[in-house]
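The values are calculated or read from the model by the stated rules, or taken from the named source; none is laboratory data. Please read all numbers here as calculations on a predicted model, not as lab measurements. As a convention, Cβ positions derive from the backbone with ideal geometry for all residues, glycine included, and neighbour counts pool all protein chains shown. Areas reflect the complete protein model, heavy atoms only, side chains present, ligands, DNA and RNA absent. Shrake-Rupley method; radii C 1.70, N 1.55, O 1.52, S 1.80 Å.
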Amino acid sequence: MDQPPAAQPNPSDEVVAVYDRDGNPIGQAPRAVVYREGLWHASAGVLVRSTDGQRVYVHRRTACKTVFGGHHDCIAGGVVDPGESPYETAVREVGEELGIFGTEDAPLELREIARTSWDGEWGGRPLRCHLFAFELSYDGPIHHQPSEISDGWWWTPEELDAHLRDPSWPFVPDTRVLLADYCWSSLSKE
């Protein structure tokens, strides 16, 4: 007799690391509780740029995402799991969301570019998160995780910066805060 397919885990049931206001891990809780109660947590992700520095990868989140559904982003990332460092989260998330993986012989080389704390709001509730951004130079194939990303494309740093300056453009607000002081011209190397 055939077995029914295993149920997909509900993202709101996922257990995530809980942090204090100062950025120290203090425990864990289901994602739904973290969002409902506005608990401090952490997220980490990766800004992917071409190896010549002339392009930045931008994507649109699927409309069904619990937080910032349908918004654009230039960071492939997610929440930090219990016992995981922000760097480990960034490596995991760029693999899950964009299909970019390192190997044992050639691990991904991420460089931290920004970190901040965001005491914001989403859906009329507080959303408090310590944010970590890393950068990866990459020219290989990109494969979206269909449940997370609906579309993606390459832009010049100038194109992205122009969109980020437009407050009406639907962009993930915590990434906007995280990269507010980032020097986009540093992406145009050589």
Mean residue ellipticity at 222 nm from the helices of the chain, using -39,500 (n - 2.57) per DSSP H segment of n ≥ 4 over the full residue count, to the nearest 500 deg cm²/dmol?
-> -5000 deg cm²/dmol
Name the trypsin sites (Lys or Arg not before Pro) in segment 123-179 that are in a loop by DSSP and that have at most 14 other C-beta atoms within 10 Å, would you?
-> Arg165
Euclidean distance of C-alpha centroids, segment 80-143 and segment 15-45, integer Å = 16
Roughly speaking, what is the stretch gain from Glu88 to Ala106, that is 0.36 nm per residue apart minus the C-alpha to C-alpha distance, in nm to one decimal?
-> 4.9 nm
Nearest 20 debye, what's the magnitude of the dipole of the chain about its Cα centre given +1 on Lys and Arg Cβ and -1 on Asp and Glu Cβ?
-> 560
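Using R₀ = 22 Å, calculate the FRET efficiency as 1/(1 + (r/R₀)^6) where r is the Cβ-Cβ separation of His143 and Ser168; round to 0.05. Kindly include the intermediate steps, with their values, before the conclusion.
Numbers: r = 31 Å, r/R0 = 1.40.
In this case the efficiency is close to 0.10.
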Run a plain Debye calculation on segment 10-54 (Cα atoms as equal point scatterers, no solvent) and give log10 I(q)/I(0) at q = 0.13, 0.33 Å⁻¹, rounded to two decimals, same order as the q list.
-> -0.40, -1.18
Ser150 and Trp122 label points (each 7 Å along its Cα→Cβ direction) are spaced in nm at 1.6
Would you grab the residues whose amide H sits under 5 Å from the one on Val15? Only those 5+ places off in sequence or on another chain, please, with H modelled 1.01 Å from N.
-> Arg31
Sulfur and carbon atoms: percent of accessible area, segment 65-190 [1.4 Å] = 50
Averaging over all projection directions, find the projected area of the Cα convex hull of the chain and quote it in nm² with one decimal place.
-> 12.8
What is the spin-label model distance, in nm, from Val15 to Arg36 if the labels are put 7 Å beyond Cα along the C-beta direction?
-> 1.7
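Can you give the % of DSSP beta bridges in the chain that are antiparallel, to the nearest 5? Please report the intermediate quantities before stating the final value.
On the way: 30 of 40 bridges.
Given both bridge residues lie in the chain, the antiparallel proportion sits at roughly 75 percent.
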